Each structure stands twice: as structure tokens, then as C-alpha cells.
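Just below is one structure, and these are the notes that go with it.
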Amino acid sequence: IPNIVELIGLGLAIDYSLLMVHRYKLDGDIKKTQRTILISGSTVAIALSTLILVPVPFIRSLGIAGVIVPLVAMAAATTLQPALLSYLGIEGPKPRFASNQFARLGKFVVRNPIPVFLFSIAVLILPISQLNNLAVTPSSISALPADLESAKAIKVVTSRAGDGIISPIQIVIHLPEVSDVKMARIKLAGEIANHKDVLTVVTDSKYVDKSGKVLRVFVISKKNLGESQQLVSFLRTLKGDFPAGTQVYVGGAPAQGLDLINKIKNTFPLIALFALTLSFLLLRRYLSSLLIPIKAIVLDLFSIAAAVGTTVFFTKNYFYKLDQIEIWTLLFIFAILFGLSMDYEVFIVSRIKESYLEHKDNNRAVVEGLANTGGVVTTAAIVMIGALTGFLSGHFAGLQELGIGLVAGIAIDATIIRLLLLPATMVLLGKWNWSHPRIRGSRTNL
């Protein structure tokens, strides 16, 4: 968690610094950029704060840190950096619009919005189609670095007794009072042993403590941790012929993994709804538009879907060659990418809006907005990718999966999404970009 937070904080700080320096060199007007950074940082904080809703401690810790980090980054960028720029100044040529390669790209998109739109969608379909192969697991013990002594020990054991031997399911039977339940325990063990996924059942003849009320049954599955979920669900339906008032609990690593998956799956709709709703309301007020915030959310979801699809493809075929993705990485990918993608969206669209307010020409505003921010967004994305590639060299499957998803997502978002699909949709929507029901107190300028 600390490493993830540090990298996100570093990336955001550099992003905002680049945006501020670029605007300062362009025309010295940094007040509008300060507002843009405040909105961008707020969207990142909103996205990461949703992790607090997950009742899992290590996920919540990232959510808490995720609120603090962007707030600190945007506070430094909007207070300390302007003071330093004013005091030190910056020498060097101003960006030239006419020769800007992103201006030429913008003009190309304006002339060919439909082909660019269709091309972008076609490219995105390739990674998104990999979502059909998505399967999740709580963790990937089999993907430990092969040179670790513990990994070698696991390999020796599993090669002889199967993957389930390293993560047995533990059934705990808590009796209301001391009683002889030997026959009931044997009957329960026999019923469990008949299941197709059970390798063996071990009944411990001793009680857990001196009270004589708690005993255990160990179930060794034929399958690994991530594939034992159906067996855990089956075991939780069994009650046995124990005295009235007996409590039967199914625990162990497979049961804990199933509980983790269920917690995340049950919480995710609330997380997504919270992030999408707050981001929409924030952007709608800031941009005074109805369609642009909706478009921003849709494009963000495209980026996230493509990132997850890319993660599935590379994890199955290159990294560890696993059939399942650790579920916590998907949650982190969603929260982090949603925030960063919205960050880049705000950078570009705010400048498009600013240009549009000057001359009311939508297509010209798209070209000017892309010309003035395309380089900043691309540079910021490269910096962020450079920071996150450290995860790719990690020795654990979960970290590599997270690295693949974030690097792929940022690369796709900063190129296909922001440089092609975003301007193409802005051109196709035309005047509808700026149509909206009047909101009392909303901004009319940036």
C-alpha cells in the first residue's frame, strides 16, 4: 500500500506541475489552471475515496491515503508552485500553436470525426473482448517467485498431494455443551468425502481446548485456493446431526478467499455508483454542460475495461500464465484509473471550453484545446507510466497484475481515448456539447 500511494502521489504532483508550468510559459495566466487542478484533484480524491466503502482493512487504507495524497498534491500545485514561478520565473520559448503537432492532429480529427471515432472503437474492442476470459481469485499462492524457499516447498508438496493440500478448509464445530458427538462427526466426514472436489477428510480426535465444546474437521480439496469456492459453499450448507444449538463454521484460506470475493462483489456497485455520481455532479457544475460529463464517464469506463482486458490477456499468456486475476487488483485498477482518466479529461476539456467561450466555434475550440493540452497530457502520462512500471518487475502476481492494468490503462487513455476518441465525440456532438438545463449558481466561464 505505501508503494502504491507514493507512486500515485508522485505522478499527480508531476502532472499538476507540468500543467502549471505549461500555462505559465504560454500566457502567464495560472488562475484558470489552478481551478482546473482543483477539479482534477477532487475527481481523483473522489475515485480513491470509494475504496473506504469496502469493509476490508488493507483496501480501506488505500482509500484513506487516496483522499489525502491528491489533496496535498493539488494544494502544493495551487499555492506553493505559483509563488515559486512568480519568484524564479521561467526562461524559454513559448509553445507555438501553429507548429504544434497536436494542433495538426486536432485538425485531422475535425475533418474526419466519424472515421476516427470508428477506428478508436475498433481498437478498444480488441482488449475489451478479453473480458470474456476474466475469472477472479482471492490470491495466487502458486505464483510466488520460484526462487523462494517457501515456493520450492509448496511445489514439492503440491506435486505429490495436489494444490489443495497447502490451503485446507477448516470446519469448526462449537457445541452448546460437552457431549459425545463422535458418530455425528464421522457421519459428517463421510458426507463431505463423497463430494467430487474433496481429496480427503481429516477428523481431529482432540478438542480445540479443555472445555470439550469445540472440535475441528479438516477438508483437503483437490483444487487450489481460487478453485475451491464451490466446495466452500457446499460445506456451508451442511449442519450434521449435532445437538440443538451447535454452531458450525467453515473457515480456512479458501473460505476466507470466498468471503473476500463476495465482499468486494457486493460492494462494487455502490463504489461505482458513488464515483460516477459525484464525478458527474462535479463536472456538470464546473463545465456547465450535461453531455460532456456523461461522455467523460463513458470514456473512463472504456479505459478501465480496456485496461482490465489487457491485464487478463497478459496474465494468462505471459506473466505467470494464470487463469485467474486477484480480485483486489481489479478494484484498485478501477479506482486509480477512474481518477487518473478523469484527471486527463478535465485537463483537455477545460481548455476546449475556454476556447469555445472566446469565439463560440466548437471545432476550432477542439483543435485549440488539443493543441494546448495534448503535449501536457502525453508527457504526464509518460511520467506516470514510468513510475508505475516498477510494479511490472515485482515478484508477486498481484503486483504485476496491478502494474499491467495501470500502465495499459494510462497508455490507452492518453492516446486512443484522449487524443482521438475524445475530440471525435466533441466534434460529432457539436453544439450539443454546450447545451444544458440552467443550473442556478453554475459557472459560465472557466
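Residues in the stretch 11-29 that are surrounded by 22 or more Cβ atoms within 10 Å (Cβ to Cβ) and either in contact (Cβ under 8 Å) with a residue 12 or more places away in the chain or not assigned by TED's automatic domain parsing to the domain that holds residue 278 (or both): 11, 12, 15, 16, 19, 20. Taking the stretch 1-42 as the range and being in contact with a Pro (Cβ under 8 Å, 6 or more places away or on another chain) and of a type in the set (D, E, K, R) as the test, only 25 passes.
Screening the candidates 211, 179 for the property of being of a type outside the set (D, E, K, R), without any contact (Cβ under 8 Å) to a residue 60 or more places away in the chain and more than 30 Å from residue 322 (Cβ to Cβ) yields one hit, 211. Within the stretch 308-346, the residues that satisfy the criterion of being buried (at least 20 other Cβ atoms within 10 Å of the Cβ) and of a type in the set (Ser, Thr, Tyr) are 310, 311, 315, 329, 341, 344.
Here the condition is being assigned to a helix (DSSP H, G or I) and touching a strand residue (DSSP E or B) at 6+ places or on another chain (Cβ under 8 Å); of 346, 376, 312, it holds for 312 alone. For the stretch 249-283, residues that are under 28 Å from residue 229 (Cα atoms), without any contact (Cβ under 8 Å) to a residue 60 or more places away in the chain and over 15 Å from the mean Cα position of the chain (by Cα) total 3.
Consider the stretch 131-181 and keep the residues that are in a strand (DSSP E or B) and under 29 Å from the mean Cα position of the chain (by Cα). The one that is modelled with the lowest pLDDT is 137. Looking across 390, 386, one residue alone is without any contact (Cβ under 8 Å) to a residue 12 or more places away in the chain and on the phi < 0 side of the Ramachandran plot. It is 386.
The values are calculated or read from the model by the stated rules, or taken from the named source; none is laboratory data. Computed from a predicted model, the values in this text were never measured in an experiment. Quick reminder, even Gly has a Cβ in these numbers, built from the backbone with ideal geometry, and neighbours come from all protein chains shown.
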